[in-house]
Amino acid sequence: MSKFSSRATSRRAFLAGTAAASFAGPALAQSVTGAGTTEVERDLSEIVRRNTSSFRMLDWRPYFSNLNKGAILVDIQSRALHYWSEDQAVYKLYPTSVPLTEDLTRRGRTSVTLKDPEPDWRPTPSMKKRNPEWPDYVPPGPDNPLGTRALHLSWTYYRIHGTHDTRKIGRRSSNGCIGLYNEHIEELYEMAQVGTQVLLI
């Protein structure tokens with residue numbers, strides 16, 4: 001087998017494992033405007049429906065001392081991401097994917113350091129060790145596992161990003177990052193700033 005066909009086979013195997021089976025809409029997103037109204041998108045998948053018992057709105061005060069540049073709370077257990085704007089006029093609640101295992105999970109305080117409008121992807125050294133068949137690089141586009149937007153965090157290799165594989169949302173399915181539906185990461189991307197506080201619990 002030539003080097004080219006071997007590389008193409010590896011790429012196909014990787015994409016088969018990460019590409020979307022379907023492009024279903026968001027499973028559940030809640031937002032509260034300054035007027036206090038709640039809007040709920042109700043296109044619930046079975047995956048997220050099983051998780052809704054702990055998918056609830058939270059107050060920011062137990063987790064942050066202020067909302068300077070806004071705040072993002074990721075609750076690994078309930079697989080939910082909460083966003084509060086600095087002026088408290090906007091609150092968003094999104095379903096997420098979370099790391100596959102506890103050893104891939106990182107908790108604590110970090111912040112958004114870079115907003116990437118067209119993310120490309122390279123597996124980390126540990127990912128490549130676990131999955132040597134994965135390609136070394138995937139450019140921006142529909143095959144990219146980071147979806148349509150990415151928020152880089154101050155921790156090396158950690159991101160909040162989109163995914164084209166909608167089956168992953170609501171599950172333990174990532175190698176460490178926090179994944180959202182593309183529609184949701186695009187919305188969060190517009191609201192978050194470089195410097196937005198992030199807490200993973």
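The numbers here are math on the coordinates, done by the rules we state, and not lab data. Everything numeric here is computed off the predicted structure, so don't read it as measured data. Using ideal geometry, Cβ is built from the backbone for each residue, glycine included, and neighbour counts are taken over all protein chains shown.
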message: If R₀ is 22 angstrom, what is the calculated FRET efficiency for the pair ALA89 and ASN175, using the beta carbon separation as r and rounding to 0.05?
response: 0.05
message: Take SER126 and VAL194, extend 7 Å from each Cα along the Cα→Cβ direction, and tell me the distance between the two endpoints in nm.
response: 2.7 nm
task: In whole angstrom, note down how far apart the Cα centers of segment 69-105 and segment 163-191 are.
output: 11 Å
query: Say each of LYS69 and ARG106 gets a label point 7 Å from the Cα, pointing the same way as Cα to Cβ; how far apart are those two points in nm?
result: 1.6 nm
